[in-house]
1. Applying a 10 Å radius around every beta-carbon, put 217-226, 404-413 in order of their mean neighbour count, most first.
2. What length, rounded to one decimal in nm, is gained on full extension from Ala302 through to Lys241, with 0.36 nm per residue of separation minus their alpha-carbon distance?
3. May I ask you to compute the full-extension gain from Asp126 to Glu442, defined as 0.36 nm times their residue separation minus their alpha-carbon distance, rounded to one decimal in nm?
4. Based on Cβ point charges of +1 for Lys and Arg and -1 for Asp and Glu, what charge dipole magnitude is obtained for the chain about its Cα centre, in debye rounded to the nearest 20?
5. Go ahead and run the numbers for FRET between Lys95 and Glu137, Cβ-Cβ distance against an R0 of 25 Å, rounding to 0.05.
6. Suppose a student asked you for the relative contact order of the range 376-455, using Cα pairs under 8 Å spaced at least 6 residues apart; what percent would you report?
7. Rounded, prolate or oblate: which one fits the chain, using the alpha carbon gyration tensor with axes a ≥ b ≥ c (rounded when a/c is under 1.5, else prolate when a/b beats b/c, else oblate)?
8. Return an integer: the convex hull volume of the alpha-carbon atoms of the range 312-457, in Å³ per residue.
Amino acid sequence: MSLVKSISGIRGTIGGRVGEGLNPVDIVRFTAAYATQRRAAMPNNNTIVVGRDARLSGHMVEQIVCGTLMGMGYDVVNIGLATTPTTELAVTGEKAAGGIILTASHNPKQWNALKLLNERGEFLNDAEGKCVLSIAEKEDFSFAEVDNLGHMCSKDYLPYHVEQVLKLKLVDKDAIAKRNFTVAIDCVNSVGGLAIPAMLRALGVKNVIELNCTPDGRFPHNPEPLPQHLTEISDLLRSGKADVGFVVDPDVDRLAIICENGDMFGEEYTLVSIADYVLSHTPGSTVSNLSSSRALSDVARAHGCSYSAGAVGEVNVVTEMKRVNAVIGGEGNGGVIYPECHYGRDALVGVALFLSLLAKTDKRVSEIRRSLPNYCISKNRIDLTPETNVDALLSRVKDEFSNERVDTRDGVKIDFAEGWVHLRKSNTEPIIRVYSEAATMEAADALAQRVIDIVKK
């Protein structure tokens, strides 16, 4: 059994002993700690939003979280089966003190998590997250007396979410409807099965081929939207039955695109293609994280715009986006953040903007992909022992490449003329992640190995 505590939330495998998995006792402890932190931050706001994906443990976790929040004196707006971005929008829609999303994102069925939002519907920052962890560790919280217990109401926020996407200036519903696209989707039997068809209908897409759209949490394949897991929809596209394919993870904040010929568009290129479209209409700054493709920087430069990188993690990317007033940003895992809608990764926004792009061009999806700068990312790891001094290893790498451009905000990233390598210690496993990028996979692998050899000396 596993229980992983971080500033962005609590995730673990369902069951086990207290402190060893995500069980009812630990769910109560961390929910009460979060409520205590929110009370200190927003003393005059008595509302918390709760939404969940469709995984098997969702209803159990939902009941405990909502009951605990009411026991802490909070009124709960329970939006039920809802995507992560829907829950984020519901927080601001309700003018709530915060929100809890019950999802383990791309993790398998035995996992669930409490993802914690502030009053802006954004993930807690470092200080806020650490405060929640400290309160939980000390069990420094107090429950409400009977006359001060909270209440709960239920609402459906999906129509509101769809409405907000349709209001975006760069979403062209009429152009999409005129093209009469056939769209295939794989929603891994989670809440995307509710949200993505609703979004497509609202955009005027009449021909939708639905794969795995029953929101019962019985994932038909590994829920992370990676090429090796997407053979069913890829084969469907290869047969010529659709113009484009869209795949989402269980909480619908990541979007993968499949070309009309069944080829993978590439998760990195979800953001890159949408940024190219956005910048062609609204020039401005762009942001991704240090482990995302250089292609976004190239596209921004081609539009005469700027690019900057944040540390890995949505909250860090959002912070950097606000700092530079970015018009588009996100992460290379298919996460599109479009501030005109809200500061959160949102696959519904991604679908609407990509279909608008596709509707306004004579190119097929594969041709759009070929029009973008092409890079290959290699993902490697270095296993650690308890005795490993990670800081010393990273310092050694930094010193070895002191003549190159080196960024140490999040591990060590070395920018070479021909590509880059990024090393960072995992927050969840005893490993160093080593990501590298170059024009070919062979070159990316070689860059990574060059650095790994130094670490292993």
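1. Values: 217-226: 19.1, 404-413: 16.9.
Highest mean packing first, the order is 217-226, 404-413.
2. Working: separation 61, 0.36 × 61 = 21.96 nm, distance 3.44 nm.
Value of the extension gain: 18.5 nm.
3. Working: separation 316, 0.36 × 316 = 113.76 nm, distance 3.73 nm.
Computed gain between Asp126 and Glu442 is 110.0 nm.
4. Values: 49 positive and 58 negative charges, 82 e Å.
Roughly 400 debye, rounded to the nearest 20.
5. Working: r = 31 Å, r/R0 = 1.23.
After rounding, the FRET efficiency stands at 0.25.
6. Details: 133 pairs, mean separation 29.7, N = 80.
Across the range 376-455, relative contact order equals 37 percent.
7. Details: a/c = 1.67, a/b = 1.14, b/c = 1.46.
Oblate, since a/c reaches 1.5 and b/c is not below a/b.
8. Values: hull volume 20.1 nm³, N = 146.
Dividing the Cα hull volume of the range 312-457 by its residues yields 138 Å³.
Any read-out appearing in this document is the output of simple, stated calculations on the displayed coordinates, not a laboratory observation. Everything numeric here is computed off the predicted structure, so don't read it as measured data. Note: ideal-geometry Cβ built from the backbone for every residue, glycine included; neighbour counts use all protein chains shown.
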